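Read the structure below first, then the notes.
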Amino acid sequence: MTENAIVVQGLRKRFGEVVALDGIDFEVERYLHHQGESFLRRFDADTYLYLSRVMDYWDPFGDPAVVAEALRQVTTRFLVLSFDTDWRFPTAHSLDLVRNLAAHRVPVTFREIASPWGHDSFLLEVPEYHRTVRAFLRRMEDEAVGGARAAPAPGDRPAPDGRAA
């Protein structure tokens, strides 16, 4: 099987094939076209280019000395989430953030979440994503007020240590 055939097969599996006369082969194309039109109505066309460039070159750990000093002062706990289908910021990128934070003894929690919608997953209703964020925020609230909640929210699953995951 050719590389192109493998890619097409993956797209069909992930996004479903559409039989249409408007030149759209996959349902995701219709979604992307809609999002592109919506973006252009709100922003100048060059905005996407600038945003993409910033995302491509952003390196939060670029200067180790500056980073070490800055992270020594951090009192925030981090939740780093990754979607298993995100091609823009893959899990490896998120794990690099986690490793750097942990290396500086910054409290960090990581979770990779399965979702068929790639980078846009955080914009959509992905139940595991919402449960994870909700549980993390509750844990932070509990630590801040020094107590525990009476009962977990519907859908929260306890972690092995008995706390909401």
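Readers should treat all values here as calculations from the given coordinates under stated rules, not as data from a laboratory. Nothing here was measured: the structure is a model prediction, and the numbers come from that model. Don't worry about glycine lacking a Cβ; one is built from the backbone with ideal geometry, like all the others, and counts go over all protein chains shown.
General remarks:
- When only Cα pairs below 8 angstrom with a gap of at least 6 residues are kept, the range 81-153 shows a relative contact order of 31 percent.
- Footprinting exposure proxy ranking of Val98, Val54, fewest other C-beta atoms within 10 angstrom first, gives Val54, Val98.
- Label-point separation, Phe43 to Leu123 (7 Å along Cα→Cβ), nm: 1.0 nm
- Arg72-Ser52 FRET efficiency (beta carbon distance; Förster radius 30 Å; 0.05 resolution): 0.40
- Rounded, prolate or oblate (a/c below 1.5 giving rounded, otherwise prolate when a/b exceeds b/c) for the range 62-145 by Cα gyration tensor: oblate
- Proxy reagent accessibility, fewest Cβ within 10 Å first, across Arg77, Arg111, Arg53, Arg131: Arg53, Arg77, Arg111, Arg131
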